[in-house]
Amino acid sequence: MTPLPPSGSRAKPSPVVAGLLSLVLPGAGHYYVGKRGQGILVAVLAVVMVALILWAQATREVDLQPGTEIILIVSTVAYWLWAIASAVSHARERNFLPTLGLILVLAYTYVLGWQVTEVNLKKFFTEFSDIYPIFTKVMWPWEAAIEYDVTNISATTRFANPCPENAADLPPQTEGSGGQTWVTIAPACGDFSKYDTTQGKLAPGTLLALKASGLRPNEPVEIYWTDAIGNEFRPRYEGATVKGMADAQGNMTVTFGAPQIETTTQVGVQRHTIEVRQQVSKTNPHMSVDMELALNRIVVTIFQALMATSFGIILALPLSFIAARNLMSGSPLTLAIYYAIRFVLNVVRSIEPIIWALIATVWVGLGPFAGVIALTLHTIAALAKLYSEAIESIESGPIEAITATGASPLQVIMHAIIPQVIPPFVSFTIYRWDINVRLSTIIGFVGGGGIGQLLYQWTGQSLWSQAGLAVWLIAATVSVMDYASAEIRKRFV
Amino acid sequence: MLEVHNLTKIYEDGTQALDNVSFSVPDGAFLAVIGLSGSGKSTLLRCINRLIEPTSGTIIWNGQDITAVPRGELRLVRRQIGMIFQQFNLVKRSSVLTNVLSGRLGYVNPLFSLINYFPADDRQRALAALDRVGLTDKINNRADTLSGGQQQRVGIARVLVQGVRLLLADEPVSSLDPVLAHSILGQLETLNREDKITVVCSLHYLDLVQRYSTQVIGLRDGRVVFEGDNLTIRQMTPERFKEIYGEEAELVSAAKVAGEER
């Protein structure tokens, strides 16, 4: 048995003690051999790994796949063993596979992280088809940007439900003559398609034959149904919208089942209108109402950014001087003001504009003004910080040189200080405007007005082509701003 | 005639930069101030135009006590005293012409500078000065696009338009290579000989001191430890130079140092 080394001397750490300590708590051995920082890190990781396994089992947030727990436990145990081996090797002044511990922790993190965030690569690829139609509309939305003046030819006829007792009460079906456009339906009365609850399936309605003439030859025909209370819709039959096609003589026949119309509260015989409609000319293409709306809103958005930036400049300028350390380190009082201002600016800046927008909508209601308030607050904080840093980085040499020429204090400010701060001020301001344009599209999502709000509404209504217009306008505006600001900044800095 | 009597500067933190410094410079002299970094050269130069307020002592120039001039009249004194710097101290983002024009600030109405206006006469002076230092083609360049030697020439042009009688040069060539050092000091020599401008210039290298100065003072820890005229400079041995610089200093020539730094 070796005698204990005298206390106070630098004893050689015992590998056995290091191993045993690490068996109790990974990292304790490292701490014991003098690798204190590493020991604390190893211990914290071990505790977190064990705690997360327990958490994953207890919480409903995570639905562990079979086998995952085993992997987690095995990697934790392996990590534990590695910690022991590493501590022992450190005691012998070696370093046992330092990357192995890291690899085990990473493996653990990915296995658990995959489950916690519900990563599903299969879904990611197989369900792409769901997004594809939306994607194409958003990427190529220009059909929604243009509208035409449309001229139609059409004819209508009537249909009764239920069939009247007296045949004379049936809607008359008249065939026109000459070039006249007409349509008839046979039979002129019948039953609607109905969901049969006892059988659990759709019972078909009366089969109807629609016959029309006087149409433009070889052109498609649209069919519209207007029910007794005036709702117009395009009837569907066997999973498709009912459509017709005029033949070479301008005649058309279409057969379809009577549509499913709710009739439970119906009293007496009701008459429905069936219309055949053909588009004969599409002239005068012009900007659609939606496109006009989007353009108007992008102008609003640019103005929002402009207003927020200019308000921001006005308020940030004075703040920046009292937030500049070199100007405020004169006395304890000014230094205290400096720290207070810096603190407030940091708090305001660390709250995202979208949060400010939420607050502002409560404050002044939905609309562009709320967005301006949100952007202004964030801009003040950001610009005051940037400006004050520009002031802090002023060189004293030119001030000295200008003073030496016999310049008055005002001249020193105008010729030595202003030329030094103006270029960074301009540069930061333009950069901030650029950011504000981008942000103003986002804050619309929480009611801050502008094009963002429009985009939010359109996506909510699944109007993907319109949403695509908004997306394109935003992208165009942001890239123009981006380019312009880069160019202007290049000239100034 | 520039006379410095018992000049002392003690900074707020207690550092004694200048200790009872006295010397005089006749009109038209080229005075070299030598000494280690921290020996008080920069403080001495800045006391002369009161960029630094001396603690005690007097500075008499052309019969006027500069140390007694009230703050409000200081610009009348300063505009007659030019200064160039080791780091050139140009306003980097302004044009060469603007930098040179700032030499006229002691003469124009301060309110003019709010609109950045200089009389046409001043512009003519600035163009002439730039022509003299050979920078006619760089008038509209930003100052920081120029090389070190060119920037120092802008500094000299700024002094030229200022129409000075006394030039303070604070290590004007320490940031430049030996060829440029001679070119810049050559320009100062021309100002000294042709324009009869008295030059007070701090320098580091014996060969430059011997080549350009007519008079030398050596500073060590804020005290004058050496005073000599034209003849003593030429006879000054490297050993004597080393003595002024202190035992730890190596005697080096400008060419040697610059060669090593490259």
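The values are calculated or read from the model by the stated rules, or taken from the named source; none is laboratory data. All of these numbers come straight from a predicted model, not from anything done at the bench. Cβ: placed from backbone, ideal geometry, glycine included. Neighbour counts: every protein chain shown.
Considering the stretch A:356-372 alone, what residues qualify as being buried (at least 22 other Cβ atoms within 10 Å of the Cβ) and closer than 20 Å to residue A:345 by Cβ?
Residues satisfying the conditions are A:356, A:357, A:360, A:372.
For the stretch A:421-428, check the following and say yes or no: at least one residue is part of a helix (DSSP H, G or I) and among the hydroxyl-bearing types (Ser, Thr, Tyr).
Yes, there is a match, as at least one residue in the stretch A:421-428 is part of a helix (DSSP H, G or I) and among the hydroxyl-bearing types (Ser, Thr, Tyr).
Any residue that is small (Gly, Ala, Ser), in the same structural domain as residue A:114 (by TED's automatic domain parsing) and in contact (Cβ under 8 Å) with a residue 60 or more places away in the chain - is there at least one of those in the stretch A:45-61?
yes
Working only within the stretch A:66-79, note down all residues that are assigned to a helix (DSSP H, G or I) and surrounded by fewer than 19 Cβ atoms within 10 Å (Cβ to Cβ).
A:68, A:69, A:70, A:71, A:73, A:74, A:77, A:78
Give the residue, chosen from A:280, A:276, that is modelled with pLDDT of 90 or more and either assigned by TED's automatic domain parsing to the domain that holds residue A:204 or closer than 27 Å to residue A:146 by Cα (or both).
Testing whether each residue is modelled with pLDDT of 90 or more and either assigned by TED's automatic domain parsing to the domain that holds residue A:204 or closer than 27 Å to residue A:146 by Cα (or both) leaves just A:276.
Which number in (1) modelled with pLDDT of 90 or more; (2) facing chain A (nearest Cβ under 8 Å) marks the one condition that residue B:113 misses?
(1)
Could you list all residues from the stretch A:373-406 that are surrounded by fewer than 20 Cβ atoms within 10 Å (Cβ to Cβ), under 28 Å from residue A:346 (Cα atoms) and either in contact with a Pro (Cβ under 6 Å, 6 or more places away or on another chain) or within 7 Å of chain B (Cβ to nearest Cβ) (or both)?
Correct list: A:390 only.
Provide a single number: the residues in the stretch A:151-200 that are under 19 Å from residue A:270 (Cα atoms) and surrounded by 11 or more Cβ atoms within 10 Å (Cβ to Cβ).
Within the stretch A:151-200, residues that are under 19 Å from residue A:270 (Cα atoms) and surrounded by 11 or more Cβ atoms within 10 Å (Cβ to Cβ) number 24.
Going through the stretch B:82-94 one residue at a time, which ones are more than 7 Å from chain A (Cβ to nearest Cβ) and buried (at least 18 other Cβ atoms within 10 Å of the Cβ)? Reasoning before the result, please.
So in the stretch B:82-94, the residues more than 7 Å from chain A (Cβ to nearest Cβ) come out as B:82, B:84, B:86, B:88, B:92.
Answer for the stretch B:82-94, where residues must be more than 7 Å from chain A (Cβ to nearest Cβ) and buried (at least 18 other Cβ atoms within 10 Å of the Cβ): B:82, B:84, B:88, B:92.
Please report, ordered by residue number, the strands (runs of 3 or more DSSP E) entirely within the stretch A:109-207 with at least 2 residues that are of a type in the set (A, V, I, L, M) and closer than 30 Å to residue A:476 by Cα. Walk me through how you get there before you give the answer.
Working: elements: A:146-161, A:182-186, A:194-196, A:201-203.
Once the strands (runs of 3 or more DSSP E) in the stretch A:109-207 are filtered for at least 2 residues that are of a type in the set (A, V, I, L, M) and closer than 30 Å to residue A:476 by Cα, nothing remains.
Return the residues of the stretch B:96-138 that are outside any helix (DSSP H, G or I), hydrophobic (A, V, I, L, M, F, W, C) and either in contact with a strand residue (DSSP E or B) (Cβ under 6 Å, 6 or more places away or on another chain) or over 17 Å from residue B:152 (Cβ atoms) (or both); say none if nothing qualifies.
B:105, B:108, B:118
If you go through the stretch A:407-415 one residue at a time, do you hit one that is outside any helix (DSSP H, G or I), farther than 25 Å from residue A:436 by Cβ, within 14 Å of chain B (Cβ to nearest Cβ) and touching a His at 6+ places or on another chain (Cβ under 9 Å)?
Checking the stretch A:407-415: at least one residue is outside any helix (DSSP H, G or I), farther than 25 Å from residue A:436 by Cβ, within 14 Å of chain B (Cβ to nearest Cβ) and touching a His at 6+ places or on another chain (Cβ under 9 Å).
Anything in the stretch A:336-376 that is hydroxyl-bearing (Ser, Thr, Tyr) and under 24 Å from the mean Cα position of the chain (by Cα)? List them, or say none.
From the stretch A:336-376, those hydroxyl-bearing (Ser, Thr, Tyr) are A:338-339, A:350, A:361, A:376; that's our starting set.
Selection gives A:350, A:361, A:376.
Filter the stretch B:62-81 down to residues that are away from chain A (no Cβ under 14 Å) and either polar (S, T, N, Q) or closer than 22 Å to residue B:29 by Cα (or both) and give me whichever is surrounded by the most Cβ atoms within 10 Å (Cβ to Cβ).
B:67
Being modelled with pLDDT under 90 and either surrounded by fewer than 16 Cβ atoms within 10 Å (Cβ to Cβ) or part of a helix (DSSP H, G or I) (or both) is the filter here, so list the residues in the stretch A:18-35 that pass it.
A:34
Against the conditions (1) more than 24 Å from residue A:12 (Cα to Cα); (2) at pLDDT below 85; (3) of a type outside the set (S, T, N, Q), where does residue A:96 fall short? Just the number, please.
Residue A:96 satisfies all of (1) more than 24 Å from residue A:12 (Cα to Cα); (2) at pLDDT below 85; (3) of a type outside the set (S, T, N, Q) except (1).
Here's the yes/no breakdown for (1) in contact with a His (Cβ under 8 Å, 6 or more places away or on another chain); (2) surrounded by 22 or more Cβ atoms within 10 Å (Cβ to Cβ); (3) assigned to a loop (DSSP other than H, G, I, E, B); (4) hydrophobic (A, V, I, L, M, F, W, C):
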site: B:164; (1), (2), (3), (4): no, yes, yes, yes
site: B:167; (1), (2), (3), (4): no, yes, no, yes
site: B:172; (1), (2), (3), (4): no, yes, yes, no
site: B:175; (1), (2), (3), (4): no, no, yes, no
site: B:180; (1), (2), (3), (4): no, no, no, yes
site: B:183; (1), (2), (3), (4): no, no, no, no
site: B:186; (1), (2), (3), (4): no, no, no, no
site: B:199; (1), (2), (3), (4): no, yes, no, yes
site: B:216; (1), (2), (3), (4): no, yes, no, yes
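Being crowded, with 17+ Cβ neighbours inside 10 Å and within 18 Å of residue B:171 (Cα to Cα) narrows it down to one residue among B:44, B:101, B:97, B:105; which is it?
B:44 is the lone residue from the list that is crowded, with 17+ Cβ neighbours inside 10 Å and within 18 Å of residue B:171 (Cα to Cα).
Given (1) β-branched (Val, Ile, Thr); (2) within 22 Å of residue A:310 (Cα to Cα); (3) more than 12 Å from every other protein chain (Cβ to nearest Cβ), identify the lone condition not met by residue A:334.
Residue A:334 satisfies every listed condition except (2).
Would you pick out the residues in the stretch A:314-332 that are in contact (Cβ under 8 Å) with a residue 60 or more places away in the chain and surrounded by fewer than 21 Cβ atoms within 10 Å (Cβ to Cβ)? Please lay out each step first, then the result.
So the first thing to find is which residues in the stretch A:314-332 are in contact (Cβ under 8 Å) with a residue 60 or more places away in the chain, and the list is A:315-317, A:319-321, A:323-327.
Within the stretch A:314-332, A:315, A:317, A:319, A:321, A:325, A:326, A:327 qualify.
Given (1) within 23 Å of residue B:220 (Cβ to Cβ); (2) in a loop (DSSP other than H, G, I, E, B); (3) away from every other protein chain (no Cβ under 13 Å), identify the lone condition not met by residue B:59.
With respect to (1) within 23 Å of residue B:220 (Cβ to Cβ); (2) in a loop (DSSP other than H, G, I, E, B); (3) away from every other protein chain (no Cβ under 13 Å), residue B:59 is out only on (2).
Step by step: first the residues of the stretch B:120-144, then only those that are among the small types (Gly, Ala, Ser) and more than 21 Å from the chain's Cα centre (by Cα), then the one that is farthest from residue B:164 (Cα to Cα). Which residue is that?
Going through the qualifying residues, I end up with B:120.
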